[in-house]
Amino acid sequence: MAADQGPVGAVPAAPVVTVAGPRVARAEEVLTPEAVAFVVGLHRAFEGRRQELLARRKTRRAEIAATGTLDFLPETADVRAGDWTVAEAPRALRDRRVEITGPTDRKMVVNALNSGARIWLADFEDASSPTWENVVGGQINLVDAFEGRIDFTSEAGKAYTLGPAAGLATVVVRPRGWHLDENHLLVDGTPVAGAFVDFGLYFFHNAARLLARGADDPNSGPYFYLPKTESHLEARLWNDVFTHAQAALGIPYGTVRATVLIETVTAAFEMDEILYELRDHAAGLNAGRWDYLFSIVKNFRDAGEHYILPDRNTVTMASPFMAAYTRLLVRTCHRRGAHAIGGMAAFVPSRRDAAVNAAALEKVEADKRREAAGGFDGSWVAHPDLVPVARACFDAVLGDRPHQKDAPGSAEPVTAADLLDVAGAGGTCTRAGLHNAVQVGIRYIEAWLRGIGAVAIFHMMEDAATAEISRSQTWQWINNGVVLADTGEKATAGLVRRLVAEELAELEAETGEAAFAAGRWPEAARLFEQVALAEEFVDFLTLPALPLLD
């Protein structure tokens with residue numbers, strides 16, 4: 001029986017809204033009653049659909065487990081065959097040859113905007129640990145940046161200030177994925193989606209502010225990156241959120257532009273459909289490496305040895321199944337008038353080791369040359385020192401053109417089998433690879449628990465996606481009885497526990513007893529073991545980790 005809805009025409013009861021987070025300086029500037037009401041409006045309008053789509057993910061995963069495969073959707077064949085394009089890119093998003101990524105702390109805001117990159121992905125997702133201070137403080141920092149009042153002074157006394165507005169990068173905000181809740185903001189006792197909080201606060205405070213700057217300003221509109229999308233129906237939900245938000249604030253329809261990260265294997269089979277659902281708001285697609293590999297492990301974890309990934313650092317974008325995915329992405333984007341954005345160069349230059357730099361920069365350069373030659377319109381870097389390296393590679397191909405969307409991309413066909421040919425990557429599973437997974441996983445998680453989401457580990461800038469592939473690959477090797485090529489040992493839970501114990505001892509020796517005790521290393525190790533050794537695969541390591549954050 002339906003619940004009693006009260007008298008006909010009755011006004012729905014006002015929601016009970018609870019802000020449960022710790023005190024954050026200047027929070028009242030972004031958590032205004034009007035802004036919170038706007039976010040609550042998103043929650044009430046769309047939370048039901050979000051939950052339905054999250055449930056649909058589980059259903060689809062069960063289908064993959066039953067069939068051991070994926071294919072393009074027969075019910076959307078007309079979309080793939082249709083003659084349509086996305087909306088024309090606004091001026092600020094036409095030239096995207098180099099994009100830099102990073103969290104929204106004050107130092108990163110200044111450095112990213114001044115970096116010389118065309119775009120800054122301002123990250124509330126994988127490069128950010130979602131403490132309440134980071135969530136709220138990041139919004140404050142972005143408003144300060146647009147108002148020209150942001151600066152930062154390091155502990156060493158070095159001052160960071162913004163350069164002239166015309167030379168700044170264009171801000172593109174990445175909110176959290178659909179799966180993450182924001183436990184510090186509750187409506188009738190239910191957490192609001194992190195996506196609604198991040199998008200809603202940014203859009204409410206900045207959409208009109210950015211439009212008022214005029215089309216000639218690099219920051220002249222609300223632009224977004226959409227992470228962890230698994231289907232075109234999830235893209236449809238985002239499109240409806242954009243339409244609702246624009247109407248609610250009187251922002252012209254089509255002002256929002258969004259670039260979707262194709263970082264799940266299911267989304268790779270729905271690129272056309274995703275762009276179609278967002279066509280009035282779409283700006284492009286991005287090829288993300290670690291989350292894509294994580295998605296393959298997650299979805300095909302019990303589909304046999306064909307899907308077992310070798311040591312993660314040996315799987316490059318040139319591996320056959322990854323090359324097929326990037327060919328399809330470029331061809332799809334250019335056919336539809338959208339930008340194709342390449343993957344991440346995560347190397348962090350060393351101030352002390354010239355040999356490490358030279359070897360790494362050679363790899364970065366080769367990677368960016370491959371992307372530019374393969375038809376991509378731009379690419380990502382994690383460090384300002386890599387901006388000129390990537391820019392030179394794209395300048396050599398683009399010249400004065402803002403992009404190469406007129407190039408159709410490779411004509412080589414891409415089939416479902418090509419996208420799923422993980423075994424074709426070759427490589428081996430080694431104890432050294434397993435050890436590296438344990439090292440990176442624990443070191444990243446420990447920093448994340450302390451509120452740091454972008455962490456330099458072994459000269460690489462790591463984020464949550466790296467920790468995900470590290471722990472998921474560990475789970476995959478154990479549960480598929482992998483024998484390690486370099487030692488002949490079998491990957492087991494016992495071996496992983498020994499590696500974890502060894503890593504903790506090494507970390508204590510490396511950091512010193514006092515610093516080790518001040519960190520959250522035992523918690524990080526327990527969490528890594530929890531998500532890497534669990535009998536049932538945990539969908540995202542951040543789900544059991546969230547309650548451990550302030």
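The values are calculated or read from the model by the stated rules, or taken from the named source; none is laboratory data. Given the structure is predicted, the values throughout are model-derived calculations rather than measurements. Every residue, glycine among them, receives a Cβ derived from its backbone with ideal geometry; neighbour counts consider all protein chains shown. Note: areas computed on protein heavy atoms with side chains; ligands, DNA, RNA excluded. Shrake-Rupley method; radii C 1.70, N 1.55, O 1.52, S 1.80 Å.
Run the helix sum for the chain: -39,500 (n - 2.57) per DSSP H stretch of 4+ residues, divided by residue count, reported at 222 nm to the nearest 500 deg cm²/dmol.
Working: 19 runs with 250 residues, N = 550.
Calculated from helices alone, the mean residue ellipticity at 222 nm is -14500 deg cm²/dmol.
Tell me, what % of the accessible area of the chain is carbon and sulfur with a 1.4 angstrom probe?
Numbers: 11570 of 21590 Å².
In the chain, the share of accessible area belonging to carbon and sulfur is 54 percent.
List the pairs from LYS298/LYS490; LYS298/LYS405; LYS107/LYS228; LYS228/LYS363; LYS228/LYS405 whose alpha-carbon separation is above 30 Å, in the order I gave them. Walk me through the numbers before you get to the answer.
Details: LYS298/LYS490 21 Å; LYS298/LYS405 33 Å; LYS107/LYS228 27 Å; LYS228/LYS363 27 Å; LYS228/LYS405 25 Å.
Distance filter (> 30 Å) returns LYS298/LYS405.
Quote the charge dipole size of region 276-317 about the Cα centre in Debye, to the nearest 20; the model charges only the Cβ of Lys and Arg (+1) and of Asp and Glu (-1). Provide the component values of the computation, followed by the final result.
On the way: 5 positive and 6 negative charges, 17 e Å.
Taking the Cα centre of region 276-317 as origin, the dipole is about 80 debye.
Over the chain, give the accessible area per residue in Å² for a 1.4 Å probe, as an integer.
Values: 21590 Å² over 550 residues.
Normalised by residue count, the accessible surface of the chain is 39 Å².
Please provide three numbers in whole Å: the alpha-carbon extents of region 311-364 along the principal axes, with the largest listed first.
Computed over region 311-364, the largest-to-smallest principal extents equal 46, 25, 14 Å.
Within the chain, which whole H helices from DSSP have a Cα span along their axis of at least 18 Å and a mean Kyte-Doolittle hydropathy of -1.0 or more, if any?
Going by DSSP H runs, the hits are 33-67, 132-146, 194-211, 232-249, 320-335, 354-373, 431-449, 464-479, 493-511.
Treating the beta-carbon of each Lys and Arg as +1 and of each Asp and Glu as -1, no other charges, what is the dipole magnitude of the chain about its Cα centre, to the nearest 20 debye? Mind showing how you got there, number by number?
Values: 54 positive and 73 negative charges, 156 e Å.
With Lys and Arg at +1 and Asp and Glu at -1, about 740 debye.
Post the alpha-carbon centroid distance, region 468-500 to region 94-132, in whole angstrom.
34
Which whole-number percent is the relative contact order of the chain (Cα, under 8 Å, 6+ apart)?
On the way: 958 pairs, mean separation 89.8, N = 550.
Result for the chain is 16 percent.
Show GLU523, GLU155, GLU88 ordered by accessible area, largest first, where the area counts protein heavy atoms only and the probe is 1.4 Å. Don't jump to the answer; show the numbers that get you there.
Details: GLU523 55, GLU155 200, GLU88 135 Å².
If we order GLU523, GLU155, GLU88 from most to least accessible, we get GLU155, GLU88, GLU523.
Residues with beta-carbon under 11 Å from that of THR332, excluding THR332: net charge, scoring Lys, Arg +1 and Asp, Glu -1? Write down the numbers at each step before the final one.
On the way: positive: ARG80, ARG327, ARG331, ARG335, ARG336; negative: GLU270, ASP272, GLU273.
So the environment of THR332 carries a net charge of +2.
Ranked from highest to lowest mean number of other Cβ atoms within 10 Å per residue, what is the order of the peptides 248-254, 217-223, 415-421?
Numbers: 248-254: 13.0, 217-223: 21.4, 415-421: 16.7.
Highest-to-lowest ranking by the protection proxy: 217-223, 415-421, 248-254.
What is the log10 of I(q)/I(0) for the chain, computed with the Debye formula using one identical point scatterer on each Cα and no solvent, at q = 0.10, 0.11, 0.12 Å⁻¹?
With no solvent term, the Cα-only Debye profile gives -0.82, -1.01, -1.23.
Between region 399-434 and region 212-278, how many Å separate their Cα centres?
Region 399-434 and region 212-278 have Cα centres separated by 25 Å.
Order ASP240, ASP188 by their accessible area, 1.4 angstrom probe, all chains in place, largest first.
Accessible-area ranking of ASP240, ASP188, largest first: ASP188, ASP240.
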